[in-house]
Amino acid sequence: MSELVIRPITKDDIAACLDIYNYEVVNGVATLDLEPRTLPEWQEWYEAHQTQEHCIFAGLIDDVVVGYASLSPYRTKDAFKSTVELSIYIHQDYRGKGVASKLMAHILKHAKETETLHTVVSVITAGNAASTALHERFGFTYCGLTPQVGFKHGKYQDTETYALLV
């Protein structure tokens with residue numbers, strides 16, 4: 001496998017990131033979205049992530065987007081401005097190859113270097129052992145379980161919240 005290159009997302013990456021996300025919408029529970037997102041929705045998502053605090057990094061191998069990591073607003077109230085929510089999605093063909101770890105290291109380094117950020121929160125659908133292990137490896141603290149918070153694929157899904165002070 002060629003070297004993973006991590007860089008800020010560009011407009012040309014939006015469709016590839018959308019495909020990675022929509023695969024999980026249809027086939028998994030990493031997101032509790034029930035309907036695939038559209039390109040116009042993701043163009044808005046891209047535009048909303050053009051600040052130091054709210055950003056997206058793409059991971060590419062041989063110029064192909066194989067995953068991405070984003071920091072998004074945690075809540076809309078001003079008191080939460082220094083807290084962001086982390087998301088990492090990896091193309092199904094590149095899972096288990098270290099892509100998520102490299103994206104996590106990169107985006108956490110960015111968060112630590114951003115003086116206006118204090119806390120990174122991640123909400124994981126329970127049962128995602130790979131994501132749980134990834135967060136624990138990077139020092140996230142388990143904050144708790146929210147039982148049966150979403151209904152997808154014929155059953156209620158729990159979520160687990162993790163946090164890291166940066």
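Structure above, values below:
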| quantity | calculated |
| --- | --- |
| Index of the failed condition, residue 157 passing every other in (1) farther than 24 Å from residue 43 by Cβ; (2) surrounded by fewer than 17 Cβ atoms within 10 Å (Cβ to Cβ) | (2) |
| Selected residue (only one of 35, 44 is in a helix (DSSP H, G or I), acidic (Asp, Glu) and surrounded by fewer than 17 Cβ atoms within 10 Å (Cβ to Cβ)) | 44 |
| Subset tally (residues that are in contact with a helix residue (DSSP H, G or I) (Cβ under 6 Å, 6 or more places away or on another chain) and assigned to a strand (DSSP E or B)) for region 135-158 | 0 |
| Count - residues of region 33-52 that are under 14 Å from the mean Cα position of the chain (by Cα) and over 14 Å from residue 21 (Cα atoms) | 1 |
| All positions within region 90-102 that are under 15 Å from the mean Cα position of the chain (by Cα), surrounded by 15 or more Cβ atoms within 10 Å (Cβ to Cβ) and assigned to a loop (DSSP other than H, G, I, E, B) | 91 |
| In region 103-134, the residues that are open to solvent by less than 80 Å² (accessible area, probe 1.4 Å) and assigned to a loop (DSSP other than H, G, I, E, B) | 114, 116, 117, 126, 127, 128 |
| Filter pass, residue 87 being open to solvent by less than 10 Å² (accessible area, probe 1.4 Å), under 19 Å from residue 33 (Cβ atoms) and among the small types (Gly, Ala, Ser) | no |
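The values are calculated or read from the model by the stated rules, or taken from the named source; none is laboratory data. Not measured: the values here are computed from a predicted model. Heads up, the Cβs are rebuilt from the backbone with ideal geometry, glycines too, and the neighbour counts pull from every protein chain shown. These accessible areas exclude ligands, DNA and RNA; they are computed on the full protein's heavy atoms, side chains included. Shrake-Rupley method; radii C 1.70, N 1.55, O 1.52, S 1.80 Å.
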